[in-house]
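Working notes, beginning with the structure itself.
The values are calculated or read from the model by the stated rules, or taken from the named source; none is laboratory data. Since we're looking at a predicted model, the values are computed, not measured. A quick note on method: Cβ atoms are made from the backbone with ideal geometry, for glycine too, and the neighbour counts reach across all protein chains shown. Each accessible area value is taken on the protein alone, full model and side chains, heavy atoms only, with ligands, DNA and RNA left out. Shrake-Rupley method; radii C 1.70, N 1.55, O 1.52, S 1.80 Å.
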Amino acid sequence: MGIFEKLSSMGHEQVVFFNDETCGLKAIVAIHDTTLGPALGGCRMWPYSSEETALEDVLRLSKGMTYKASISGLNLGGGKSVIIGDPKKDKSEALFRSFGRFIESLNERYITAQDVNIGVPDIKQIALETANVVGTDKTNGGSGNPAPYTALGVLRGIEASAHWAFGQRSLEGKSVAIQGVGEVGTYLAKYLMEMGAKIFYTDINKDNALKLKENIEDAQYVHPDEIYSLDCDIFSPCALGAIINDDTIDQLKCRVVAGSANNQLKENRHGIILKEKGILYAPDYLINAGGLMNVSLEREGYSDKKSKQMVDTIYHMAMKIFAFSKEHDIPIYQATDLLAEKRIKAVKEVRTNYLGKT
Ligand code: NAD
């Protein structure tokens with residue numbers, strides 16, 4: 001497939017390749033859709049095996065950001081960038097400043113942020129050259145660690161799921177099995193405990209598992225292989241993507257799947273199977289959007305209160321998606337995509353009509 005054909009098939013507006021021999025920068029910025037606002041999405045640094053793999057990754061990730069921003073009600077488009085390189089060897093001030101200058105040349109069409117292998121020190125260097133960057137720490141006027149806000153959004157998604165599946169929002173006495181107690185899973189466990197939920201958890205990292213037990217004594221550890229078949233109300237994947245797959249789906253005894261991991265369904269057909277089994281699936285890219293909401297506020301003046309209020313809206317949006325899925329008898333992943341697309345299409349049409357009349 002030719003590159004323009006590829007962009008058309010995925011709906012991308014623009015892809016920009018940056019090359020700076022003086023510092024070894026090789027970067028790709030993909031702007032998927034700017035109908036709702038400037039494209040916001042993190043920058044990932046990775047030693048890609050080929051330029052094609054890097055391009056595939058940035059195209060896929062940027063499209064995902066369009067859907068996430070749209071369903072979350074943000075006035076942002078979807079974009080993402082990748083820097084091809086080894087984060088252990090190739091990072092330098094010159095490289096990030098050069099990247100910042102390139103971002104600046106895009107005239108506010110793309111705003112960058114942290115992603116895999118890009119941290120606050122890198123963001124600070126990018127920010128020396130462009131204002132179109134978010135994700136610094138709170139002491140520097142930024143929005144800080146996104147994980148607590150992501151976890152709060154997941155909690156709101158779990159509450160909406162409980163309301164839909166069990167008839168009440170309260171999580172008192174509900175059993176929740178958390179897969180992965182890293183950054184997000186740990187905050188989530190804390191919030192769930194405060195809500196009176198019974199917590200089961202697992203992690204392949206012993207230190208993380210121990211740390212959780214130290215903080216939440218009543219939480220019960222289970223072996224990583226046992227988490228799927230646990231007799232619980234809610235399964236919360238907070239580790240990896242593609243964990244709802246042919247190997248795991250028949251083991252599930254829960255009524256709800258709701259967690260922070262991206263792309264939890266290995267394939268769309270697994271979303272159909274969940275529906276057939278009567279398991280409610282909280283849309284991953286909506287309920288894990290708390291971090292994006294939090295960082296988006298940096299542009300208009302960050303406040304923790306505003307951020308939490310925004311994250312709370314995830315509850316209402318999740319309820320809307322569940323109702324839409326029921327009304328049209330379609331799986332939740334499809335309902336979520338359709339609603340995200342509908343918002344963009346409506347704004348696009350209004351704009352086209354307006355421009356047509358002037
Ligand atoms: P993290 O790396 O801090 O934590 C992930 C945890 O999962 C680790 O403790 C790891 O040991 C554990 N894990 C990995 N494989 C496992 C397995 N097979 N079984 C059990 N445990 C396993 O990551 P995080 O920041 O907490 O993010 C968790 C998930 O949420 C990721 O998929 C991430 O992409 C997604 N997410 C995170 C954010 C955020 O704000 N951090 C935002 C959106 C989505």
Have a look at R343, R351 and point out the one that is surrounded by 11 or more Cβ atoms within 10 Å (Cβ to Cβ), of a type outside the set (S, T, N, Q) and modelled with pLDDT under 95. R351
In region 180-202, which residues are open to solvent by 20 Å² or more (accessible area, probe 1.4 Å), in contact (Cβ under 8 Å) with a residue 40 or more places away in the chain and under 19 Å from V222 (Cβ atoms)? G182, V184
Residues in region 163-179 that are among the hydrophobic types (A, V, I, L, M, F, W, C), open to solvent by less than 60 Å² (accessible area, probe 1.4 Å) and farther than 21 Å from G291 by Cβ total 4
Could you please find all residues in region 69-90 being of a type in the set (D, E, K, R) and surrounded by 24 or more Cβ atoms within 10 Å (Cβ to Cβ)? K80
For region 177-193, check the following and say yes or no: at least one residue is more than 18 Å from P148 (Cα to Cα) and more than 10 Å from the ligand (Cβ to nearest atom). yes
Exception for E159 within (1) among the charged types (D, E, K, R); (2) within 11 Å of the ligand (Cβ to nearest atom); (3) within 19 Å of L280 (Cβ to Cβ) falls at (2)
Filter region 230-270 for residues that are open to solvent by 20 Å² or more (accessible area, probe 1.4 Å), under 14 Å from S175 (Cα atoms) and within 14 Å of the ligand (Cβ to nearest atom) and give the result. L230
Quick check on my filter: what residues within region 118-148 are within 13 Å of the ligand (Cβ to nearest atom), open to solvent by 60 Å² or more (accessible area, probe 1.4 Å) and closer than 21 Å to I103 by Cα? none
Being at negative phi, in contact (Cβ under 8 Å) with a residue 60 or more places away in the chain and either more than 15 Å from the ligand (Cβ to nearest atom) or among the small types (G, A, S) (or both): is that true of A219 here? no
Those residues that are among the aliphatic types (A, V, I, L, M) and farther than 15 Å from I71 by Cβ, I need them from region 297-320; list them, please. L297
Out of region 203-228, which residues are open to solvent by less than 100 Å² (accessible area, probe 1.4 Å) and of a type in the set (A, V, I, L, M, F, W, C)? A209, L212, I216, A219, V222, I227
Test A289 against the criterion of being touching a Ser or Thr at 6+ places or on another chain (Cβ under 6 Å) and within 27 Å of A39 (Cβ to Cβ), and give yes or no. yes
Residue identified as away from the ligand (no atom under 16 Å from the Cβ), open to solvent by less than 50 Å² (accessible area, probe 1.4 Å) and either within 23 Å of D337 (Cβ to Cβ) or not charged (D, E, K, R) (or both) among I314, I273: I273
State all residues of region 1-39 that are surrounded by fewer than 21 Cβ atoms within 10 Å (Cβ to Cβ) and in a strand (DSSP E or B); if no residue qualifies, say none. Q14, V15, V16, F17, F18, N19, D20, K26
If you check D304 against the conditions, is it surrounded by fewer than 22 Cβ atoms within 10 Å (Cβ to Cβ) and out of contact with any Pro (no Cβ under 7 Å at 6 or more places or on another chain)? yes
Any chance region 254-269 includes a residue that's of a type in the set (A, V, I, L, M, F, W, C), closer than 24 Å to I71 by Cβ and more than 22 Å from the chain's Cα centre (by Cα)? yes
